[in-house]
1. Rank by packing, highest mean first: peptides 340-350, 110-120, with packing defined as the count of other Cβ atoms within 10 Å averaged across residues.
2. Place a point 7 Å from Cα of residue 32 in the direction of its Cβ. Which residues in region 82-113 have their backbone N less than 17 Å from it?
3. Residues with beta-carbon under 14 Å from that of residue 310, excluding residue 310: net charge, scoring Lys, Arg +1 and Asp, Glu -1?
4. Can you tell me the order of 363-372, 322-331, 562-571 when each peptide is scored by its average per-residue count of other Cβ atoms within 10 angstrom, highest first?
5. Taking amide H positions as placed 1.01 Å from N in the peptide plane, with prolines and chain starts having none, which residues 5 or more places from residue 541, or on another chain, fall under 5 Å of its amide H?
6. If you place +1 on the Cβ of every Lys and Arg and -1 on the Cβ of every Asp and Glu, how big does the dipole about the Cα centre of region 204-400 come out, in debye to the nearest 20?
7. For the peptides 227-233, 256-262, what is the packing order when you average, over each peptide's residues, the other Cβ atoms within 10 Å and list the highest mean first?
8. For residue 2, give me every one of the aspartates and glutamates with a C-alpha distance below 16 angstrom, ignoring sequence neighbours fewer than eight places off in its own chain.
Amino acid sequence: MKHDTIAVIDFGGQYAHLIATKVRRGGVFAEIRQPEDPIDAFRGYKGIIISGSPSLASQGEDSEYTKEIYDLDVPIIGFCFGHQEIAKHYGGVVEHGGRQWGRADLQIIPGQRLFKGLGPVEPVWMSHYDSVVDVGPEFMEIGFTKASDGLPEHRFAAIASDSLRRYGLQFHPEVDSTVHGDDMIANFVLDICGCTPSWSMEGFAERQIAAIREHVGDRSVFLLASGGVDSTVAAVLLGEALGPDRLSLLHIDNGLMRKNESAQVLEMFRDLGLDGNLHFVDASDMFLEALGQETDPERKRRIIGDTFVRVFQEEAGRLGIENHLLGQGTIYPDTIETGSTKRSDTIKTHHNRVPIIEQMIAEGGVVEPLADLYKVEVRELGERLGISHEALWRHPFPGPGLGVRLLCGDGRPDAIPDAVVPQVEELASSFGLHALALPIRSVGVKADLRAYEHPIMLSGDVPWDRLLDAASAITAEIPGINRCIWNLAPTHPDGARPLAATMTRVRLDLLREADHMVMAGLERHGLYEKVWQCPTVMVPVEMEGGEGELIVVRPIHSQRAMTAAPVELPTELLSELRDSIMALPGVSGIALDITSKPPGTIEWE
Ligand code: XMP
């Protein structure tokens with residue numbers, strides 16, 4: 001191998017590809033391997049990292065893999081599922097239980113190579129159902145998480161055998177929310193494996209431009225350009241590779257955009273000089289007609305993705321654009337969340353990964369120059385390409401737009417079991433909060449698996465950190481709950497009634513208005529760039545004492561969208577939002593989403 005290289009074994013965890021990205025960002029090349037690759041495929045690496053998985057190590061799931069890797073004389077580390085597999089292989093015990101989602105504080109046993117340069121307590125990010133409860137004779141515990149209010153202690157969160165050069169971390173050092181995760185990975189790769197950093201991201205644009213030219217040949221590209229960061233960077237990169245004459249842009253108003261968004265997007269493209277072959281179509285009728293009475297989140301996503309392709313093909317025909325490839329600004333989270341790697345679970349079908357597009361990809365008809373990147377890398381590349389700060393730092397906005405933020409339902413209650421209610425109330429009251437389970441569900445992700453579960457509305461005036469602890473405890477300890485929201489209305493409602501609701505223009509306009517108030521509020525308080533993304537969601541439940549639906553605001557911090565943490569907003573802004581949004585006719589409640597990812601995803605569907 002030309003460079004010192006690390007192998008990442010992809011067991012289908014949400015972050016397997018991210019591990020390889022993080023190793024490369026540290027200057028060392030990394031390659032993804034499959035668990036059943038023959039042992040010869042694992043020779044020549046300086047070290048091996050075993051990823052997380054949607055499978056359960058405690059149940060022996062996915063235990064058929066090339067175990068001869070453990071005979072290789074190179075360091076091996078496992079994260080989450082990988083950690084549990086290593087513990088088991090060397091005589092430890094893994095049990096189903098001790099689940100944790102989101103932040104935990106790792107207490108570090110001093111003097112460990114893996115944690116060189118780090119403090120005694122490190123914030124780390126968890127997402128697991130199974131836990132290591134004992135280790136074999138050659139291993140020692142090098143970190144654990146401590147009990148705090150309502151949160152249990154977890155032993156063996158980090159284990160090591162320096163003699164065997166085998167290590168395991170229950171948490172995910174590869175996600176940005178593990179604050180010093182990059183240092184832990186560097187300690188493994190550089191110090192323990194002894195790799196010399198020799199790889200760089202510098203040449204990415206040049207390599208991609210060459211790859212685009214080879215793939216496209218003498219054809220042209222017709223790019224779906226939403227105006228979001230990804231498709232805008234993809235447009236500039238494709239323009240550099242192919243020249244303006246062989247690139248056309250299509251901006252579609254799908255009726256699910258923010259207030260005045262299409263007009264702003266077209267202006268932005270003009271400012272960027274990308275309006276040479278820019279086409280616009282208002283297809284909102286077609287999208288709304290296709291969505292019809294559909295209420296299921298995955299089916300809604302499919303319909304939106306399919307309609308994009310239909311509109312694209314019709315427009316290409318109408319404009320006489322022939323011999324073209326479909327261009328998309330797809331980034332890696334779109335692929336992994338759609339379950340497009342061998343073992344990964346489908347968390348949600350991203351609009352650019354519906355089956356018809358997968359088929360076009362298989363036939364070589366799609367060009368996606370950013371498909372291996374995450375949002376931070378896309379922005380970095382955009383800066384190198386000279387795109388304006390304003391265009392690059394727009395909040396991410398999903399292709400299906402408000403389609404995944406306007407929840408629909410048939411009006412029938414979909415409630416948590418009666419037996420669970422007192423448990424939720426008791427746990428919430430131990431934090432000084434009232435709890436109300438909402439009779440609907442939203443999408444989340446737990447231990448690399450899709451979760452479609454209930455949100456709990458919490459009411460009460462308690463400090464922010466305590467609110468977050470309450471949300472962690474409730475989602476970790478009570479099955480069937482993947483989200484907590486904090487009531488901003490003046491009184492705690494005693495009940496919530498589900499409403500029958502579909503994708504209508506009237507509802508979309510109301511959500512657009514509320515969303516506009518939230519975005520304007522963030523701008524007014526100078527918070528737009530401090531908050532990474534802030535979906536506003538409309539939920540068809542009527543809070544007791546009011547008339548209309550519930551609005552939920554979800555401000556988060558993230559870098560790569562694979563994990564996210566809720567952001568505290570100033571009290572003044574919260575009061576302004578409460579007063580203005582509650583005054584909108586058709587709104588009966590307002591709340592702030594206080595859930596991390598995992599267990600909640602950023603969007604509700
Ligand atoms: P979740 O909700 O899965 O979202 O935590 C992760 C990031 O992806 C965005 N998102 C999408 N983007 N097409 C897109 O282009 C989609 O279908 C889609 N679904 C979610 C979401 O806004 C967040 O930034």
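Rule-based calculations on the coordinates, nothing more; no lab input. In this text, all values refer to a predicted model and were calculated from it rather than measured experimentally. As a convention, Cβ positions derive from the backbone with ideal geometry for all residues, glycine included, and neighbour counts pool all protein chains shown.
1. 340-350, 110-120
2. Of the residues in region 82-113, 82 have backbone N under 17 Å from the label point off residue 32.
3. Local charge sum for residue 310: -3.
4. Per-residue mean Cβ counts within 10 Å order the peptides as 322-331, 562-571, 363-372.
5. Under 5 Å from the amide H of residue 541 lie the amide H atoms of 499, 550, each far enough along the sequence or on another chain.
6. Computed charge dipole of region 204-400: roughly 360 debye.
7. Final packing ranking: 227-233, 256-262.
8. 31
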